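Before any comments, here is the structure.
The values are calculated or read from the model by the stated rules, or taken from the named source; none is laboratory data. Here the structure is a predicted model, which is why all the values come from computation and not from measurement. Note: ideal-geometry Cβ built from the backbone for every residue, glycine included; neighbour counts use all protein chains shown.
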């Protein structure tokens, strides 16, 4: 009855690497079942046992191959081999003589090779014969080489996806919440299943594996077929990474690491061989580190590119409003900009959308808060245009002795400026990333500090007058507001404008 390779290991007393090696050498030819797994017959087991015996008595592999082809007589070959063993025995006797001579000569402790004699001391008849150790396809352990190769591949694939998500869909790739994390894990597996089998079947490696000196072949040394490569990748995702399921994936990675460290064959290595080229290893590791560092930096730039408005150049009021609303979504400001960020939102809340007239529209079908505290209304945005092309925008607000609380204008001012400034042809992502611009404006505006600067041919300026107000935490919110001080005269005024520098403000 046919047996599996695991059962053959136990019956013969060889490792899987030995058995595969002798199969590769053509000394056995096991059949395969419908799933492609090897089945070893009694003849295969007998042949392996004969090989083990003959190799243990130091018969050469070439002699065993000649016997299997019936090119030499067994008895004649054994007689020749016996003579060889006798010569080797004589050499051993000579070694014993030299050892005795060392003793008689009272050789100095530091004059002999310690490792050599330790090796002789440790050798025992029960140890696996040297010949069997040599007759095996090398098993690559090196779990960290493999781990960082996989990490590099996944980062490359995710970088490509991030490019698509940021530049086409304008998704904030770094602030997607648990839904984004889950989607990223799923996409990582899907992209790996799509890309890796193609690369392994065509090139025998992947970018990450190449950098770490790794390659994958069939046991014959040929390239894997696409189906074989796909099966390998699928098994890696299933058994090695646990489909990136939280916690479970850590367990699978740890178990795989331990098995790899012990030199065991992992399940996805059943029908293929992993090779490790150690030449120029330091250069390869340095290249891998540079790649991972570069991809991290590129991810930041891709994230920032997602914030750049889709409407650029000479834009109209309609296009500006689209830019503004897109940026609200990108920075995940899902509240009315004149209200603090309530938590929890018992009655719901949604952002207000800017229209081409500079006014604020509600989104149909969504709920909005009616807070108990009176907050300042969102100011209307005033547009300046020339021949239908937008040249600037502004807003003002003034409150005197009114019992209202004022939400800082940082978010509103930042979005108002960026929807225009980042749309200019002169704007450079590398010189002034959107998020740095955003935080620069918000930091000053939230503190009611006057500011003015010019960037990409656009001037942004704001002035504040604030008397009788104190900044404190808003009710039902972690956000801060400007609240009137009881019993004091209050006055608040803000003037804000964004305009092309060559045009007078």
Just to check your reading of the model, which residue among 409, 368 is in the same structural domain as residue 496 (by TED's automatic domain parsing) and in contact (Cβ under 8 Å) with a residue 40 or more places away in the chain? 409
Taking the stated definitions as given, is residue 415 in the same structural domain as residue 354 (by TED's automatic domain parsing) and in a helix (DSSP H, G or I)? yes
Residue check for residue 94: assigned to a helix (DSSP H, G or I) and at pLDDT 80 or above: no
I'm trying to understand the selection: among the residues of region 385-406, which are surrounded by fewer than 15 Cβ atoms within 10 Å (Cβ to Cβ) and more than 30 Å from residue 486 (Cβ to Cβ)? 385, 386, 387, 388, 389
From (1) assigned by TED's automatic domain parsing to the domain that holds residue 363; (2) at negative phi, pick out the condition that doesn't hold for residue 332. (2)
Residue 377 passes all but one of (1) more than 37 Å from the chain's Cα centre (by Cα); (2) surrounded by 13 or more Cβ atoms within 10 Å (Cβ to Cβ); (3) under 30 Å from residue 399 (Cα atoms); which number fails? (2)
Search result, residues across region 259-271 that are part of a helix (DSSP H, G or I) and touching a residue at least 60 places away in the same chain (Cβ under 8 Å): 260, 261
Does region 331-350 contain at least one residue that is more than 33 Å from the chain's Cα centre (by Cα), surrounded by fewer than 14 Cβ atoms within 10 Å (Cβ to Cβ), at pLDDT 90 or above and more than 14 Å from residue 381 (Cα to Cα)? no
Working carefully through the options 249, 256, find the one that is buried (at least 16 other Cβ atoms within 10 Å of the Cβ), closer than 19 Å to residue 153 by Cβ, in contact (Cβ under 8 Å) with a residue 12 or more places away in the chain and touching a helix residue (DSSP H, G or I) at 6+ places or on another chain (Cβ under 6 Å). 256
Taking the stated definitions as given, is residue 131 buried (at least 17 other Cβ atoms within 10 Å of the Cβ) and modelled with pLDDT of 85 or more? no
Go through the residues of region 99-115 one by one and say whether even a single one is in a helix (DSSP H, G or I) and either modelled with pLDDT of 70 or more or in contact with a strand residue (DSSP E or B) (Cβ under 7 Å, 6 or more places away or on another chain) (or both). yes
Please specify each residue of region 312-325 satisfying the condition of being farther than 12 Å from residue 389 by Cβ and out of contact with any strand residue (DSSP E or B) (no Cβ under 7 Å at 6 or more places or on another chain). 312, 322, 323
Pairs needed: first member in region 272-301, loosely packed, with under 11 Cβ neighbours inside 10 Å; second member anywhere, part of a loop (DSSP other than H, G, I, E, B); C-beta distance under 7 Å; at least 6 residues apart or different chains. 278/213
If residue 435 meets every condition in (1) within 27 Å of residue 300 (Cβ to Cβ); (2) without any contact (Cβ under 8 Å) to a residue 60 or more places away in the chain apart from one, which number is that one? (2)
Among the residues of region 217-231, which ones are surrounded by 21 or more Cβ atoms within 10 Å (Cβ to Cβ) and more than 21 Å from the chain's Cα centre (by Cα)? 224
Restricting to region 20-40, name every residue that is free of Cβ contacts under 8 Å to residues at least 60 places away in the same chain and outside any loop (DSSP other than H, G, I, E, B). 31, 32, 38, 39, 40
Of the conditions (1) in a loop (DSSP other than H, G, I, E, B); (2) surrounded by fewer than 21 Cβ atoms within 10 Å (Cβ to Cβ); (3) out of contact with any strand residue (DSSP E or B) (no Cβ under 7 Å at 6 or more places or on another chain), the single one that residue 423 does not satisfy is (2)
Which condition breaks for residue 184 when tested against (1) surrounded by 16 or more Cβ atoms within 10 Å (Cβ to Cβ); (2) touching a residue at least 40 places away in the same chain (Cβ under 8 Å); (3) under 30 Å from residue 325 (Cβ atoms)? (2)
Within region 447-489, of all residues that are out of contact with any helix residue (DSSP H, G or I) (no Cβ under 8 Å at 6 or more places or on another chain) and either surrounded by 19 or more Cβ atoms within 10 Å (Cβ to Cβ) or not assigned by TED's automatic domain parsing to the domain that holds residue 371 (or both), the one farthest from residue 416 (Cα to Cα) is 484
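Yes/no matrix, rows are residues, columns are (1) touching a strand residue (DSSP E or B) at 6+ places or on another chain (Cβ under 8 Å); (2) farther than 28 Å from residue 264 by Cβ; (3) in a loop (DSSP other than H, G, I, E, B); (4) not assigned by TED's automatic domain parsing to the domain that holds residue 231:
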residue: 9; (1), (2), (3), (4): no, no, no, yes
residue: 18; (1), (2), (3), (4): no, no, no, yes
residue: 51; (1), (2), (3), (4): no, no, no, yes
residue: 58; (1), (2), (3), (4): no, yes, yes, yes
residue: 67; (1), (2), (3), (4): no, yes, no, yes
residue: 75; (1), (2), (3), (4): no, yes, no, yes
residue: 80; (1), (2), (3), (4): no, yes, no, yes
residue: 90; (1), (2), (3), (4): no, yes, no, yes
Expected single match for more than 24 Å from residue 81 (Cβ to Cβ) and either surrounded by 14 or more Cβ atoms within 10 Å (Cβ to Cβ) or at pLDDT below 85 (or both) among 23, 42 is 23
